[in-house]
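Written out below as structure tokens is the structure these notes cover.
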Amino acid sequence: MIIEVHVITNAKKRELKVEGPILKVKIASVPKEGKANAELIQFLAAFFSVRKSEIKITKGEKEKRKLISLPLDEVEFRQVINETTGVKTSCLTKRARVTES
């Protein structure tokens, strides 16, 4: 599954929100020498309970907006988002850009 993520670096705390049509992820690292991307992958792996090696940045490695490949199907993705953020699963496809890979 491919998801669109907007990354905010140098944040005070790590956080994931569904805002509009994308996922917004706040991380503490600064975007230098791949540190922010490494923290993003680590955070998403912990959030979705998958291995870091299974998460790939497919587009936007040096951009704030990224396309991320996750080893989840849409049902699993919706379930995790619903449980952790309170976003209703029926509204998720309208709010987060999600595509199957």
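To keep it simple, each residue is scored yes or no on (1) closer than 15 Å to Met1 by Cα; (2) of a type in the set (D, E, K, R); (3) more than 11 Å from the chain's Cα centre (by Cα).
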site	(1), (2), (3)
Lys32	no, yes, yes
Phe48	yes, no, no
Gly60	no, no, yes
Val75	yes, no, yes
Val80	yes, no, yes
Take the residues in segment 11-39 that are out of contact with any Lys or Arg (no Cβ under 9 Å at 6 or more places or on another chain) and not acidic (Asp, Glu); name whichever of them is farthest from Ile81 (Cα to Cα). Lys32
Does any residue in segment 40-68 that is acidic (Asp, Glu) come within less than 6 Å, Cβ to Cβ, of a residue that is surrounded by 14 or more Cβ atoms within 10 Å (Cβ to Cβ) six or more places away or on a different chain, and which pairs are these? Glu54/Pro71
Just for segment 12-27: of the residues that are of a type in the set (A, V, I, L, M) and modelled with pLDDT of 95 or more, which one is surrounded by the fewest Cβ atoms within 10 Å (Cβ to Cβ)? Val25
Suppose we keep only residues that are in contact with a Lys or Arg (Cβ under 8 Å, 6 or more places away or on another chain) and not aliphatic (A, V, I, L, M) within segment 40-57. Which one would you say is surrounded by the most Cβ atoms within 10 Å (Cβ to Cβ)? Phe43
Qualifying residues in segment 64-78 (those that are in contact with a strand residue (DSSP E or B) (Cβ under 7 Å, 6 or more places away or on another chain) and not small (Gly, Ala, Ser)) - the one farthest from Val25 (Cα to Cα): Glu74
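The values are calculated or read from the model by the stated rules, or taken from the named source; none is laboratory data. No experiment lies behind these values; they were computed from the predicted model shown. No Cβ is skipped: glycine too gets one built from the backbone with ideal geometry, and neighbour counts run over all protein chains shown.
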